[in-house]
Amino acid sequence: MRHRVAHRKLGRITPHRIALLRNLATALFERERIRTTLPKAKELRPFAERLITLAKRDADRLHARRLVLRDIQDTTIVKKLFDSLGARFATRPGGYTRILRLGPRRGDGAEMAIVELLGSEFKPKSKDEKGKKEKAVEAPKAKAKAEKKEPEKKEPKAKGRKKAATAE
């Protein structure tokens, strides 16, 4: 029995598992939404939420940044984490991520999931917005096409003319 055993091993040795979680967290903070397997997503959630909680700190900001830099090596992502994501979740007491199940993967049947930060949900555009954007994009393209319609005279390419011309 697995009494008091907290985390999944994910079929990896400890250093590999830690590197995996660090890479997943880095990708999550960079893109704010990633697609991975369900067990990895469930392991990533507490790891990433701990880092976001550190980013919310006001008192020991430098110490918190150094604690986060242990796990996230990219300084631009740490800057984003402390500036924008920490501010976004400042009033929220926890639960910064959401896991959405996608169903089995086609190749091996592994259960897939999307992990996303709250506030980065997919917002499909309504039909009105789509029509307005397409019309706005079409107008410059129409001008460019009108300018290109001026006929350009090109000589037809005929096969064998060069050989005949060099032979004479």
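The values are calculated or read from the model by the stated rules, or taken from the named source; none is laboratory data. Because the structure is predicted, anything quoted here is derived from the model rather than measured. Positions of Cβ are backbone-derived with ideal geometry, glycine not excepted, and every protein chain shown enters the neighbour counts.
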If residue 21 satisfies every condition in (1) hydrophobic (A, V, I, L, M, F, W, C); (2) within 25 Å of residue 7 (Cα to Cα); (3) outside any helix (DSSP H, G or I) but one, which is the exception?
(3)
Return yes or no: is residue 56 in contact with a helix residue (DSSP H, G or I) (Cβ under 6 Å, 6 or more places away or on another chain), farther than 21 Å from residue 18 by Cβ, free of Cβ contacts under 8 Å to residues at least 60 places away in the same chain and not acidic (Asp, Glu)?
yes
Yes/no for residue 18 being surrounded by fewer than 14 Cβ atoms within 10 Å (Cβ to Cβ) and hydrophobic (A, V, I, L, M, F, W, C):
yes
Starting from segment 94-110, take each residue that is on the phi > 0 side of the Ramachandran plot and list its partners that are at pLDDT 95 or above and surrounded by 10 or more Cβ atoms within 10 Å (Cβ to Cβ), counting only C-beta distances under 7 angstrom and pairs at least six apart or across chains.
94/49; 103/112
Only unsatisfied item for residue 65, checking (1) at pLDDT 95 or above; (2) closer than 17 Å to residue 94 by Cα; (3) basic (Lys, Arg), is (2)
Would you mind stating whether residue 44 is closer than 16 Å to residue 94 by Cβ, surrounded by 17 or more Cβ atoms within 10 Å (Cβ to Cβ) and modelled with pLDDT of 95 or more?
yes
Check whether at least one residue in segment 1-13 is closer than 13 Å to residue 98 by Cα and more than 16 Å from the chain's Cα centre (by Cα), and report yes or no.
no
Residues being acidic (Asp, Glu), surrounded by 12 or more Cβ atoms within 10 Å (Cβ to Cβ) and more than 18 Å from the chain's Cα centre (by Cα) - total across segment 58-107:
1
Considering only residues of segment 21-41 that are β-branched (Val, Ile, Thr) and buried (at least 17 other Cβ atoms within 10 Å of the Cβ), which is nearest to the chain's Cα centre (by Cα)?
34
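Each row is one residue, and each column tells you yes or no for (1) out of contact with any helix residue (DSSP H, G or I) (no Cβ under 6 Å at 6 or more places or on another chain); (2) farther than 21 Å from residue 64 by Cβ; (3) at pLDDT 95 or above; (4) not small (Gly, Ala, Ser).
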site: 16; (1), (2), (3), (4): yes, yes, yes, yes
site: 34; (1), (2), (3), (4): no, yes, yes, yes
site: 40; (1), (2), (3), (4): yes, yes, yes, yes
site: 48; (1), (2), (3), (4): no, no, yes, no
